[in-house]
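A short reminder: the numbers here are calculations on the coordinates, not readings from a lab. Note that the structure is predicted; figures quoted are calculated from it, not measured. Here the Cβ positions follow ideal geometry from the backbone for every residue, glycine too, while neighbour counts run over all protein chains shown.
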Amino acid sequence: MIKQNIIIILLLVFGTFAFCFNYLIETKFDRYNIFNQRNVVFHTDPNWKLNCFVKGISQRAWPVVHPNLTNYFHTPIRLVAKLIIYFLDGNWEKELKIRKLLALLIVPIFSALNAMAIALIFIRLKFTLLQVCMLTMLSLFSFTQIIFGSMPETFALNGFFITMCFLIGTHFLESKRLNWVRWIILGAFGMGITITNIFVLIIIFFTSNFSVNKDKYLTIKNTIRLINIVTLLTFSLSIGSSLLFGKKPSFDNIKGAGGFTRQFIREDFWGNSSKYPVAVASSITPTSIKILSDPKMKEYVEAGRGKYHHRFTIAYYDIGQFSIIVIIMITIGITSVGAISLLKKHIIIKSLAISSLLMLTYNWLFHAFWGSEYFLYSQHWICSLIILMSGIFLSKKPYFAPITSIFLAFLVYVIFNNLVALNDIFTFIRNYSS
């Protein structure tokens, strides 16, 4: 009972800290008008997503690419804003302002839930409370979580969905009971936010399902059934809500999705794929953040559609730089040792390790030929990376103290380096704004 109370308190502490930390960073970004234009911070589009949350405005391709983003977030925000105004002062002129305040709460709330879900995964896997704390802190202070957990965008929402897939997968592996309702609701949530989340669902569901029943035909049958139900539910809700609100779905949406897809096809597959190790290491902590002047963004500024014509990126670096080599070696070293250790353990841990390795491989291959810079999608692999890193704690007892000390030193460096990097970003923005 005492341990259970400690776990509840620990989860609440992680959730509260994550919310406050990410919300403070987000409000600071907002103060410098970062959310008024695209691509300033690592190719993110906070202006479009914030408009979606606040006004329900979506791009042409979104009914296909982000089928229910408006339904999941704009509709509740609009309702809550109207209730707040109705019960407070009845000043309807404030509605848009209240909607924006509510919209800025979305990602920090999901960042808090993500921190709690990460902690729960390792609690379920019987890690010590010290190890749970260190692994959750690594997630919370990872550079990807600091940036995308503080940005009104879809990436942190996708990150939460992926973490929840691992958490539900862990429960399924423990109980050996397939809870269809949980998987369907979670799948519809993830696919409704971003259509490619269906691949994440397939990877984690298939791996955990096969680990339990050992029957590949039954696993394939269950996976196809889940895909069909989730896809039908997702697009029924999307099309149904469009018809309800008088917005007829059109072929124009499919054309828009096609144009959106073609826009981000990358030509140099092998050149792009070689950048993945740096992006993976930088998702934990960056070694080199570049500030580039973008001609297209300059056009936006001249047209009065933005304030900044520079953007932050980690896509350009000197691979011979000593700090980059060290961080890559440390990250790959901890991940490799951890993965080997996990793969030697019982079926629950082994299944999670296989799912995590497949997730890292999927992101490597998929974003080598489609997308912007790799780091933009780092929320899609950070949970997998931390799960694999956790394996170093499963080594033999004589090595427990030195491994814990090394990991703690690494964690301290990550926190310090990431806060310095964040300060450098804000220093540039502040100087640019003044």
Value of [θ]222 nm, deg cm²/dmol, for the chain, DSSP H segments ≥ 4, -39500 (n - 2.57) each, nearest 500: -23500 deg cm²/dmol
Under 26 Å Cα to Cα from K344, which lysines show up? Leave out anything in the same chain fewer than 8 places away. K126, K176, K214, K216, K396, K397
May I ask you to list the lysines whose Cα is less than 16 Å away from that of K298, ignoring any residue fewer than eight positions away on the same chain? K307
Between S336 and I57, how many nm apart are label points set 7 Å from Cα along the C-beta direction? 4.9
Relative contact order (%) - the range 319-430, alpha-carbon pairs under 8 angstrom, separation at least six: 30
Using label points projected 7 Å from each Cα along Cα→Cβ, tell me how many nm separate Q4 and I265, to one decimal. 5.7
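Looking at the square roots a ≥ b ≥ c of the eigenvalues of the Cα gyration tensor of the range 313-419, which shape do they give, rounded for a/c under 1.5, prolate if a/b is larger than b/c, or oblate?
Numbers: a/c = 2.35, a/b = 1.24, b/c = 1.90.
Taking the square roots of the gyration eigenvalues as a ≥ b ≥ c, the range 313-419 is oblate.
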Ranking V414, F375, I325 by how far each Cα lies towards the positive end of the charge dipole of the range 273-416 (+1 on Lys and Arg Cβ, -1 on Asp and Glu Cβ), the top one is V414
What whole-number distance in Å separates the alpha-carbon centres of the range 373-396 and the range 275-325? 22
Between beta-carbons, use under 13 Å as the cut-off and find the net charge around E302, counting Lys and Arg +1, Asp and Glu -1. +2
For A353, what is the net charge nearby, where nearby means another residue's Cβ is under 13 Å from its Cβ and Lys, Arg count +1, Asp, Glu -1? +3
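Within the range 278-356, report the chymotrypsin sites (Phe, Trp or Tyr not before Pro) that DSSP leaves as loop and that have at most 11 other Cβ atoms within 10 Å. Can you show the working numbers first?
Numbers: sites: Y300, Y308, F312, Y316, Y317, F322; in loops: Y308, Y316, Y317.
Answer in residue order: Y316.
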Picking from G56, G169, G15, which is most flexible by a Gaussian network model of the chain using Cα springs under 10 Å? G56
Net charge dipole size for the range 1-137 [Lys, Arg +1 and Asp, Glu -1 on Cβ; Debye, nearest 20]: 160
Tell me the label-point distance for the pair K82, S288, using the 7 Å Cα-to-Cβ offset, in nm and rounded to one decimal. 5.3
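Rounded, prolate or oblate: which fits the range 92-222 when a ≥ b ≥ c are the square roots of the eigenvalues of the alpha-carbon gyration tensor, with rounded for a/c under 1.5 and prolate only if a/b beats b/c? It would help to have the intermediate numbers written out before the result.
Values: a/c = 2.62, a/b = 1.48, b/c = 1.77.
The shape class here is oblate.
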Output ordering of 420-427, 116-123 (per-residue mean of other Cβ within 10 Å, highest first) is 116-123, 420-427
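Let me know the shape class of the range 8-100, please: from the alpha-carbon gyration tensor, a ≥ b ≥ c as square roots of the eigenvalues, rounded when a/c is under 1.5, otherwise prolate if a/b is greater than b/c, or oblate. If you can, show how the numbers build up before the last one.
Values: a/c = 1.44, a/b = 1.03, b/c = 1.39.
Rounded is the answer for the range 8-100, as its axis ratio a/c remains below 1.5.
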Summing +1 per Lys or Arg and -1 per Asp or Glu among the other residues with Cβ less than 14 Å from M164's Cβ gives +2
Could you give the dipole magnitude of the chain about its Cα centre, charging the beta-carbon of Lys and Arg +1 and that of Asp and Glu -1, in debye to the nearest 20? 920
In whole Å, what are the extents of the chain along the principal axes defined by its C-alpha atoms, from largest to smallest? 64, 50, 50
